[in-house]
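Below you'll find the structure, written out as structure tokens, and then a few comments.
Computed from the coordinates by the stated procedures, all read-outs in this text should not be read as laboratory data. No experiment lies behind these values; they were computed from the predicted model shown. We place every Cβ from the backbone using ideal geometry, glycine too, and count neighbours over all the protein chains shown.
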Amino acid sequence: MSHERERERIAKMSSELIGTGVSLVGLQLVSRLLTFFLNQSLLRLATPETLGTASIQFELLVNTILFFSREGIRTGLSRTQHLFIQGKSGDGRRHQQIINTSYIPIPIGIITSLLTEQTRTQTNFTRSLLIYWVSVIIELLSEPAYINLTLRGETGRRVRVEGVAVTVKTIGTISVVYLGSYWGYDAGLLGFAIGQLTYSLSLCIGFWSTLFHCSSERNLYPRQVDNSSLSIGLDSWIHAADYSLCWALTRQSIIKQFLTEGDKLIVSKICPIANQGAYALAMNYGSLVARILFQPIEETSRLYFSKNLSLPSSQSPTTTKETRESTVDHTSKEESERAKGAIDLLKNLLKAQIYLGLIFITFGPPYVRIVTRLLLGRRSGYLKEGSSSTIVEVLSAYCHLIPLLGLNGIIEGFVQSTALESDLNKLSKLMGLWCLIFIGSVSLFNSPFISTQFSISAEVAIVMATCINMICRIGYGSWYIIHYFRSKMISERSRIKEFLRRFKSRTKSD
């Protein structure tokens, strides 16, 4: 009977997974289409220099601050969903500790943003940079509500808020740029900054209002979990296990951010600002599929693996010895069912990513130039000699990167959902090695000999180096997954042997 309940639970989780995935794909579809519409509308008004500054310089700044501040906390707390839900019906201590932890990104983000400084001579650069900084702080203020909604399983409500925010951002950016053009004023950078500000405000207002609407709780803010005035230790605010795991993931995110945004960082240093705009446009076009399909699948699978494979055993610490012995086989079956479901899901997702990626490798490069001309128009400033070659070459190379992005997203999501702290520390060291490989690959492909012999531009060299980086990460992730499930099977066999040994000893004693 318990075995049937376990199967029903897994089936329910699978249906929730599909619903979450569909919602996230829908959000990304709306988000990327609106971004695409925004870019197409601004191409006639925003120069390549403006687009390069907004999409490379400013986005790199914003993404770096947000990533350092919240990525480790988000991933770490995603493993506590079952504890978060159980805490509401228990004494509330563990529940409040998770809420307290969700506020950590705010001070980290403020400190990180104060350490960042840039100066440019473009029109409205300083003013726009200040607006971007304010936007980052406002978006960080919404992070506790975001985490709370995620742990509650309120994906649909969260997706609606994000969809509205993207729409508001698009309208705000286009309105400012068009009004500036109408009055003969260069408002390109200012338009992107205002759009980012409206996006952050929409997220902050939307997430908190949604949380207050769907929650009857009043303890949504950080507070000490012990009533005693003598309890001033860390554990009276944040659980030590949460702190340790989130800190390990945050350390890893520092290196991961360079691997994720390293292309923008290098482009901003070695390429002219006009080429940066062309590169940004090419990446926006190329990432449509990656953002619409791959990112939602990665996020959904990470939530599934965190919830399914991080669940505690059905045995509690107070279980008696006799009860524990009689339930070994039952526990083994439950864990076996969870592991089997995870393996099946993982295999199906990886197969789908490979098939989809092969389509882009086969049909993408031959049609890039035609599609680019249809999207931009023959007279577009982005199709001048330098920019045109940059867009076409980068998109052609990006078609080979797409399947690697899909595979790495799923594999890395599994690793981060199941890895122990020791595994994460090991992965952080490996990421340091991959950073060196990435930098070395860029230097190699961009060297005078290679770039001349094979006609490889600096922008294409960066995409090729990213491919090598992805292959390294996929290789380690695959090795981890194989060893993870192998250890699960060994552990299961050990429990069965122990059960049989105890059963035989009890039979002899009887």
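A simple rule links phi to the HN-Hα coupling: the Karplus curve 6.51 cos²θ - 1.76 cosθ + 1.60 with θ = phi - 60°, which for region 126-132 gives 4, 5, 5, 4, 5, 5, 4 Hz, with x for Gly and Pro. Distance between the pseudo-spin-label points of Gln453 and Ser478 (7 Å out from Cα toward the beta carbon): 2.8 nm. Sparse packing (at most 16 other Cβ atoms within 10 Å of the Cβ) combined with a DSSP loop state is found for the following chymotrypsin sites (Phe, Trp or Tyr not before Pro) in region 157-191: Trp183, Tyr185.
Once you put a point 7 Å from the Cα of Asp344 and another 7 Å from the Cα of Thr260, both along the Cβ direction, what distance in nm separates them? Inter-label distance under the simple model: 3.2 nm. Sorting 468-481, 164-177, 399-412 by average packing, meaning the other beta carbons within 10 Å per residue, from highest down gives 399-412, 164-177, 468-481. Averaging Cα coordinates gives a centre for region 162-196 and one for region 396-453; these two points are 34 Å apart.
Output the peptides 446-458, 133-145 sorted from most to least packed, where packing is the average of other Cβ atoms within 10 Å over each peptide's residues.
On the way: 446-458: 13.3, 133-145: 21.5.
So the order, starting with the most tightly packed, is 133-145, 446-458.
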